[in-house]
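The values are calculated or read from the model by the stated rules, or taken from the named source; none is laboratory data. In this text the structure is predicted, and so the values were computed from the model without any measurement. To get the accessible areas, we keep the full protein, side chains included, count just its heavy atoms, and leave off ligands, DNA and RNA. Shrake-Rupley method; radii C 1.70, N 1.55, O 1.52, S 1.80 Å.
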Amino acid sequence: VQLQASGGGLVQAGGSLTLSCTASGRTFSDNAMAWFRQAPGTEREFVGLSWRGGYTNYVDSVKGRFTISRDSAGNTMYLQMNSLRPGDTAVYYCAASTQGYGTNLYERSGYRFWGQGTQVTVSS
């Protein structure tokens, strides 16, 4: 099983980017998936998740600006990022769980499968 994250790049503050995470080797249509990010010198932090059934939730700092969506086949997850800020600069990782939902899915330990990360840089 592999997760491939893509779509990162350099954008000015206020701009938008859409990240993609494509799964191969299995589908995750019934499983939770999430985005995390890690800025230099910091811990990898939760950004947002999508549970089985379509529930989504986000860290407060991105609510109203970021949106997670998934294709119906369960192979691809997206992160639409609007109104980007310099503080959003980080390597973004996608992750997939063996669970469909659960309160532990706000933590890295809830995810078994990880993508390689894609760099997002927001200039001021």
Relative contact order for the chain, counting Cα pairs under 8 Å that sit 6 or more residues apart, in percent
36 percent
Could you give the alpha-carbon Rg of segment 1-57 over 2.2 N^0.38 Å, rounded to two decimals?
1.31
Length-normalised contact order of segment 1-43 in % [C-alpha pairs under 8 Å, at least 6 apart]
38 percent
Can you give me the % of accessible surface on the chain that is carbon or sulfur? Probe 1.4 Å, all protein chains present, nothing else counted.
45 percent
What share of the DSSP beta bridges in segment 10-124 is antiparallel, in percent to the nearest 5?
90 percent
